[in-house]
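The values are calculated or read from the model by the stated rules, or taken from the named source; none is laboratory data. Bear in mind that the values here come from a model prediction, so they are computed numbers and not experimental data. In this analysis, Cβ positions are derived from the backbone assuming ideal geometry, glycine residues included, and neighbour counts consider all displayed protein chains. Keep in mind that these areas ignore ligands, DNA and RNA; they rest on the heavy atoms of the full protein, side chains included. Shrake-Rupley method; radii C 1.70, N 1.55, O 1.52, S 1.80 Å.
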Amino acid sequence: MTKPDIMTFGCRLNTYESEVMRGHAAGLENVIIVNTCAVTGEAERQARQAIRRAHRERPEARIVVTGCAAQIDPDRWGALPGVVRVVGNEDKLRAESWTASALGSGDAVSDIMAARETVPQLVTEFAGRTRAFVQVQQGCDHRCTFCIIPFGRGPSRSVPVGAVVEQVRTLLAGGYREIVLTGVDITSWGSDLPGEPRLGQLCRRLLALVPDLERLRLSSVDPVEIDEDIWRLLESEPRFMPYLHLSLQAGSDMILKRMKRRHLTSDARDVILRARGLRSDIGIGADVIAGFPTEDDGLFSETLDFVTEMRLPYLHVFPYSVRPGTPAARMPAVPVAERKRRAACLRQAGDVAARGYYETLVGREMDVLMETSVSGHSETFAPVRLPEGGVAEAGRIVRMRAVSADAGGLTAERV
Ligand code: SF4
């Protein structure tokens, strides 16, 4: 019996949901599940290519397409060769979507904008990973002008505390040592729950209710929506990882306004300086878009200068990708080649910042979660490898001291 193959594109939330589907679809034979992403045209192109290849290599296999791109345009994905069914983003999380009879019953794509609650889940493992992602939130109520995600994920919905605690306990029982809280817009967690608790309260309660939880990490956060509990945890809770990944998107106020972001560069600067004031070794990352429509050389220099000034070691740079149906798609575009050139400039600035950051960590002791027998990540998410010939057990947390740094991270020895 061939278990379903799952191809996952996009974000941590999709990775989490693929594990949910792996459980639901375990009994199906000769099925390939493609969990698509709609953030960029490139992500969609790769998924289409993967579907065509899968059909060529396994013409007998039944392909089921799901994920944001399929939710947004089911007919287009349903027309691809070998595809027998398109399943929506809510529907994919329901066990009844993955029965043998359901497979032959046509598409199941419910109206995601009508979704009001998260579908309860319990994932027990993450194939091939040592840290586990836990969904705490779904959907998004914002409307950034470049983004199609709200139309693939629906309105913001929070996973109740009890369900998060149960999920975390289940994963810890399965041997996971680090939990990464994920969603689409996690800082909006709680806005739809009684009393409107904030994300920081969830983290505080989770750490209190699950004393065995050694490492809690946040995925991307909105710079202006970091609440006081998060700041307190960063300052004084060793189990709360000193790491912030900011959904920055640009370093130019004019571009941020045209993106309809909720922050300006001054807000982002305040957050970064406050974080470094609390923990000088904190790991800071950011998502940045290069070549957003109307971005001329001057506005681009503002972003490049901001990124360079802030020295962000974990910089994720994306050349702007036109998303049909978004307001930005109707704005005057920057030529594709120029978007790519600007992205390369930003990545270079990120590489310089990363190298500089790793050098500041040489000589420091750190707890490294080993992902393989020779490499892992520290609390601040610095990539760490053992010296030549050194080995450790994957999945274990090992105390180390950094002895050298290069562009790829740190070399560290056990203490
Ligand atoms: S916050 Fe903005 S970028 Fe993020 S998912 Fe929502 S609309 Fe998209």
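Looking at the stretch 252-259, can you tell me whether even one residue there is loosely packed, with under 15 Cβ neighbours inside 10 Å and within 16 Å of the ligand (Cβ to nearest atom)?
yes
Condition first: open to solvent by less than 60 Å² (accessible area, probe 1.4 Å), closer than 16 Å to Pro4 by Cβ and not hydrophobic (A, V, I, L, M, F, W, C). Now tell me which residues in the stretch 59-90 satisfy that.
Within the stretch 59-90, Thr66, Gly67, Gly82, Arg85 meet the criteria.
Does Arg131 meet the test of being within 16 Å of the ligand (Cβ to nearest atom) and charged (D, E, K, R)?
no
Restrict the check to the stretch 325-344 and report whether at least one residue is closer than 24 Å to Lys260 by Cα and under 21 Å from the mean Cα position of the chain (by Cα).
The answer is yes, given that some residue of the stretch 325-344 is closer than 24 Å to Lys260 by Cα and under 21 Å from the mean Cα position of the chain (by Cα).
Being buried (at least 20 other Cβ atoms within 10 Å of the Cβ) and in a loop (DSSP other than H, G, I, E, B) is the filter here, so list the residues in the stretch 137-152 that pass it.
Gly139, Cys140, Cys144, Phe146, Cys147, Ile148, Ile149
Please go through the stretch 76-102 and give me each residue that is farther than 17 Å from Gln49 by Cα and either out of contact with any helix residue (DSSP H, G or I) (no Cβ under 9 Å at 6 or more places or on another chain) or polar (S, T, N, Q) (or both), ordered by number.
Across the stretch 76-102, the qualifying residues are Asn89, Ser97, Thr99, Ala100, Ser101.
Considering only residues that are acidic (Asp, Glu) and either surrounded by 17 or more Cβ atoms within 10 Å (Cβ to Cβ) or within 22 Å of Tyr243 (Cβ to Cβ) (or both), which ones fall in the stretch 167-203?
Glu178, Asp185, Asp192
Test each condition in (1) more than 30 Å from Asn30 (Cβ to Cβ); (2) open to solvent by less than 20 Å² (accessible area, probe 1.4 Å); (3) among the hydrophobic types (A, V, I, L, M, F, W, C) for Phe126 and report the one that comes out false.
(1)
Scanning the stretch 357-384 for residues that are open to solvent by less than 30 Å² (accessible area, probe 1.4 Å) and in a loop (DSSP other than H, G, I, E, B), which turns out nearest to Arg396 (Cα to Cα)?
Ranking the qualifying residues of the stretch 357-384, first place goes to Ser378.
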